[in-house]
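Novice: There's a structure below that I have some questions on.
The values are calculated or read from the model by the stated rules, or taken from the named source; none is laboratory data. Everything quoted here is computed from the prediction, not taken from an experiment. Don't worry about glycine lacking a Cβ; one is built from the backbone with ideal geometry, like all the others, and counts go over all protein chains shown. Side chains are part of the model used for accessible areas, which takes the heavy atoms of the whole protein and leaves out ligands, DNA and RNA. Shrake-Rupley method; radii C 1.70, N 1.55, O 1.52, S 1.80 Å.
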Amino acid sequence: MTAHPSFTKPLRPRRSCLAVPGSNPRFLEKAQGLPADMVFLDLEDACAPLAKEGARHLVVDALNNGDWTGKTTAVRVNDWTTHWTYRDVVTVVEGAGPNLDCIMLPKVQDAQQVVALDLLLTQIEKTMGFEVGRIGIEAQIENAKGLVNVDEIAAASPRVETLIFGPADFMASINMRSLVVGEQPPGYPADAYHYILMRILMAARAHDLQAIDGPYLQIKNVEGYKEIARRSAALGFDGKWVLHPGQVDAANEVFSPSQEEYDHAELILDAYDWCTSEAGGKKGSAMLGDEMIDEASRKMALVIAGKGRAAGLTRTSKFEIPEA
């Protein structure tokens, strides 16, 4: 593992992660005006082989001259089994490193692939005089080997910020009998993705990373998108890919707490602060209405309140000190 002790990894919002083909100037421009938390400019599957070299330069131009205010910016390079990867990284990072937040590495199968990207990024940063360690890595888990090695992948570099589930390639890699990405395969009575999602989530949380769900390809079926997104959101995932502008609002909604949830979380925090204070009797637990709250309640409330604040929610309730 390469150490970058001088740089503190930020926690970036990623409720909606918009995929944009790096070879399409019109889409690169349009993405700048969409309310997605994160935009990744894609040099991999969204670009035909003959378009990849030109797309690198379009991406550099878009990062340097576009307005990405308020968005996390990433570029998905090609995976290490191809001959495009190193040139993707060198061209993009040398050309637009100061305007780039992360490199997304697809089809990660083991920790050494992350280490190799970390080393290449470090060499470029040192050569160009950029801050070493600032550019993060997003690791995409897309096959059985990657899932088996997901803990080592998560720990491979302090640059790693997210683990991403890539459902289409994963389904193909395990011979899942379905052609509809993200939907349940016929004949299996339970959730065929539960183990995969939980395995990625556990590795992410064990290493203080974010967990991101992959795309839903039926782009006109917004209700279907929401249904699939609610599954990973309920487990604790931080966000999901969006392939179409119509999915952006849906992702932001699903991966944000409701107003009621946010208000309740803030009330729990206020009530716990009061009950543990001198004025509140220095108690370790208290009642909030009919609910008993304690330190564990506070930890749970911090997660919901943090997501609500990040989503821009404002409180509509106020904590009232209980009468003696």
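Novice: Give, as residue ranges, the strands (runs of 3 or more DSSP E) completely inside the range 228-324 that count at least 1 residues that are in contact (Cβ under 8 Å) with a residue 40 or more places away in the chain.
Specialist: On the way: elements: 239-242, 286-288, 291-293.
Because the criterion is at least 1 residues that are in contact (Cβ under 8 Å) with a residue 40 or more places away in the chain, the strands (runs of 3 or more DSSP E) in the range 228-324 that meet it are 239-242.
Novice: If you don't mind, another one. Using the structure shown, decide if residue 106 is exposed (fewer than 15 other Cβ atoms within 10 Å of the Cβ) and either modelled with pLDDT of 95 or more or not β-branched (Val, Ile, Thr) (or both).
Specialist: no
Novice: Among the residues that make up the range 3-14, is at least one of them modelled with pLDDT of 95 or more, touching a helix residue (DSSP H, G or I) at 6+ places or on another chain (Cβ under 7 Å) and either among the small types (Gly, Ala, Ser) or closer than 23 Å to residue 234 by Cα (or both)?
Specialist: The answer is no, given that none of the residues of the range 3-14 is modelled with pLDDT of 95 or more, touching a helix residue (DSSP H, G or I) at 6+ places or on another chain (Cβ under 7 Å) and either among the small types (Gly, Ala, Ser) or closer than 23 Å to residue 234 by Cα (or both).
Residue by residue, here is whether (1) open to solvent by less than 10 Å² (accessible area, probe 1.4 Å); (2) part of a loop (DSSP other than H, G, I, E, B); (3) more than 25 Å from residue 63 (Cβ to Cβ); (4) charged (D, E, K, R) holds:
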position: 90; (1), (2), (3), (4): no, no, no, no
position: 117; (1), (2), (3), (4): yes, no, no, no
position: 125; (1), (2), (3), (4): yes, no, no, yes
position: 130; (1), (2), (3), (4): no, yes, no, no
position: 137; (1), (2), (3), (4): yes, no, no, no
position: 164; (1), (2), (3), (4): yes, no, no, no
position: 177; (1), (2), (3), (4): no, yes, yes, yes
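Novice: Let me ask something else. Condition first: open to solvent by less than 10 Å² (accessible area, probe 1.4 Å), closer than 22 Å to residue 212 by Cα and hydrophobic (A, V, I, L, M, F, W, C). Now tell me which residues in the range 63-88 satisfy that.
Specialist: Correct list: 74, 75, 77.
Novice: Tell me, please, whether a residue that is closer than 20 Å to residue 310 by Cα, part of a helix (DSSP H, G or I), touching a Gly at 6+ places or on another chain (Cβ under 9 Å) and aliphatic (A, V, I, L, M) can be found in the range 209-220.
Specialist: Checking the range 209-220: not a single residue is closer than 20 Å to residue 310 by Cα, part of a helix (DSSP H, G or I), touching a Gly at 6+ places or on another chain (Cβ under 9 Å) and aliphatic (A, V, I, L, M).
Novice: Go through the range 139-162 and give me each residue that's out of contact with any Leu (no Cβ under 9 Å at 6 or more places or on another chain), in a loop (DSSP other than H, G, I, E, B) and charged (D, E, K, R).
Specialist: 142 - this is the single residue of the range 139-162 that is out of contact with any Leu (no Cβ under 9 Å at 6 or more places or on another chain), in a loop (DSSP other than H, G, I, E, B) and charged (D, E, K, R).
Novice: Going residue by residue through the range 186-205, is there one that turns out to be part of a loop (DSSP other than H, G, I, E, B), among the basic types (Lys, Arg), open to solvent by 60 Å² or more (accessible area, probe 1.4 Å) and more than 19 Å from residue 103 (Cβ to Cβ)?
Specialist: No, the range 186-205 contains no residue that is part of a loop (DSSP other than H, G, I, E, B), among the basic types (Lys, Arg), open to solvent by 60 Å² or more (accessible area, probe 1.4 Å) and more than 19 Å from residue 103 (Cβ to Cβ).
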